[in-house]
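Asker: The structure is given below, and queries will be raised subsequently.
The values are calculated or read from the model by the stated rules, or taken from the named source; none is laboratory data. Since the structure is predicted, the reported quantities are computational estimates derived from the model, not experimental observations. Positions of Cβ are generated from backbone atoms using ideal geometry, with glycine treated the same way; all protein chains shown enter the neighbour counts. Ligands, DNA and RNA are stripped out before the accessible areas are found, and what is left, the full protein with its side chains, is counted by its heavy atoms. Shrake-Rupley method; radii C 1.70, N 1.55, O 1.52, S 1.80 Å.
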Amino acid sequence: MKKIKNIYIFLVLLFLYLPILVLVFFSFNTSKLNIIFSGFTFKWYKELFMNIDLLEAFRNTLIVSITSTIISTVIGTISAIGLKKFDFKGKKIINEILYIPIVIPEIVLGIALLSIFTLTKIELGFFTLILSHISFSIPFVIISVKGILESINPNLELSCADLGANSWQTFFYITLPMLMPGIKSGAMLAFTLSLDDVIISYFTAGPHSNTLPLKIYSMIKGGISPDVNALTTLMLLVTCFILFISTYIQIKNMKTGSDTYE
């Protein structure tokens, strides 16, 4: 039984990660066609740093993703706290419509945002692109932070106030540290969604605000060049490195906390 379980886990992991391994494998292919592996080369990594259009699209993607993530995380965190701690008219309605940007098709949201920008005569570009990414990222942050807020014992904040702390001290020293797991997960969701968005970006990006997903999408008909595989391989390595460092820090903090407790 255990052997069958291990085989099943292996097949699931293979199904999930095999396409990524194939992509990395073909980034070292001498052939320009991603069909047959003809030989090993680092040529496409050199070609990558000479592909100005691709690097510019990647830079635009990082600018939009980082900016929209920071803004949506701040707004989403404040909104989640407000929805949890305060009662006001329309609170129930806001909690219900919060899920609309998540459940509706992206093409509907993209057309709706384009209509708003057209009606308000806002020129499409970085501003509209960032604004659009903020709009669909905020609900994910709110939901992540609200989930943590539900599990926080309100007596901790009351105890802090009883000991003489004001509302700001209570927030920064008690509430905010406890909210950090939800804030981090919400920010990661926002960044990931923004990083690989195609549909909404297609409707709200201007001629000089092309992002990496849009650039790759435009290359599909003519064939994706191997330097795209090289770029995605480098992005994968950076992501794995960040995850490794994050996991290492968490394990180190857990050991430090355990030693302190003992």
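Asker: Checking the conditions here, which among Ile148, Ile200, Ile174, Ile245 is in a helix (DSSP H, G or I), touching a residue at least 60 places away in the same chain (Cβ under 8 Å), among the aliphatic types (A, V, I, L, M) and open to solvent by less than 70 Å² (accessible area, probe 1.4 Å)?
Answerer: On the way: Ile148 fails: touching a residue at least 60 places away in the same chain (Cβ under 8 Å); Ile174 fails: touching a residue at least 60 places away in the same chain (Cβ under 8 Å); Ile245 fails: touching a residue at least 60 places away in the same chain (Cβ under 8 Å).
The unique qualifying residue is Ile200.
Asker: Follow-up question, since we're still on this one. For the range 68-141, which helices (runs of 4 or more DSSP H) that fit wholly inside it have 2 or more residues that are touching a helix residue (DSSP H, G or I) at 6+ places or on another chain (Cβ under 7 Å) and crowded, with 17+ Cβ neighbours inside 10 Å? First the steps, then the outcome.
Answerer: Details: elements: 91-97, 100-103, 106-119.
Where helices (runs of 4 or more DSSP H) fall fully within the range 68-141 and carry at least 2 residues being touching a helix residue (DSSP H, G or I) at 6+ places or on another chain (Cβ under 7 Å) and crowded, with 17+ Cβ neighbours inside 10 Å, they are 106-119.
Asker: Suppose we filter Phe37, Phe28 for residues that are closer than 16 Å to Leu231 by Cβ, surrounded by 10 or more Cβ atoms within 10 Å (Cβ to Cβ) and in contact with a strand residue (DSSP E or B) (Cβ under 8 Å, 6 or more places away or on another chain); which single one remains? Can you show your working first?
Answerer: Numbers: Phe37 fails: closer than 16 Å to Leu231 by Cβ.
Selected residue: Phe28, the only one of Phe37, Phe28 that is closer than 16 Å to Leu231 by Cβ, surrounded by 10 or more Cβ atoms within 10 Å (Cβ to Cβ) and in contact with a strand residue (DSSP E or B) (Cβ under 8 Å, 6 or more places away or on another chain).
Asker: Hey, can you tell me all the residues within the range 1-51 that are in a loop (DSSP other than H, G, I, E, B) and hydroxyl-bearing (Ser, Thr, Tyr)? Give the steps one after another, and end with the answer.
Answerer: Taking the range 1-51 as the starting set, the residues that turn out to be in a loop (DSSP other than H, G, I, E, B) are 1, 27-28, 30-39, 41-42, 49-51.
Those that are in a loop (DSSP other than H, G, I, E, B) and hydroxyl-bearing (Ser, Thr, Tyr): Ser27, Thr30, Ser31, Ser38, Thr41.
Asker: Take the residues in the range 203-214 that are open to solvent by 40 Å² or more (accessible area, probe 1.4 Å) and in contact with a helix residue (DSSP H, G or I) (Cβ under 6 Å, 6 or more places away or on another chain); name whichever of them is nearest to Asn60 (Cα to Cα). So that I can check it myself, show each step before the final result.
Answerer: Quick first cut of the range 203-214, residues open to solvent by 40 Å² or more (accessible area, probe 1.4 Å) only: 203, 207-208, 210.
Still in the list and also in contact with a helix residue (DSSP H, G or I) (Cβ under 6 Å, 6 or more places away or on another chain): 203, 210.
Numbers: Phe203: 16, Asn210: 7 Å.
The qualifying residue nearest to Asn60 (Cα to Cα) is Asn210.
Asker: Answer with yes or no whether Phe117 is at pLDDT 90 or above and within 16 Å of Leu195 (Cα to Cα).
Answerer: Details: at pLDDT 90 or above: yes; within 16 Å of Leu195 (Cα to Cα): no.
Spelling it out, it is not the case that Phe117 is at pLDDT 90 or above and within 16 Å of Leu195 (Cα to Cα).
Asker: Within the set of pairs 6+ apart or on separate chains, which have a first residue in the range 94-113 that is under 20 Å from Thr204 (Cβ atoms), a second that is open to solvent by less than 80 Å² (accessible area, probe 1.4 Å) and aromatic (Phe, Trp, Tyr), and C-beta atoms under 6 Å apart?
Answerer: Pro101/Phe136; Gly110/Phe203
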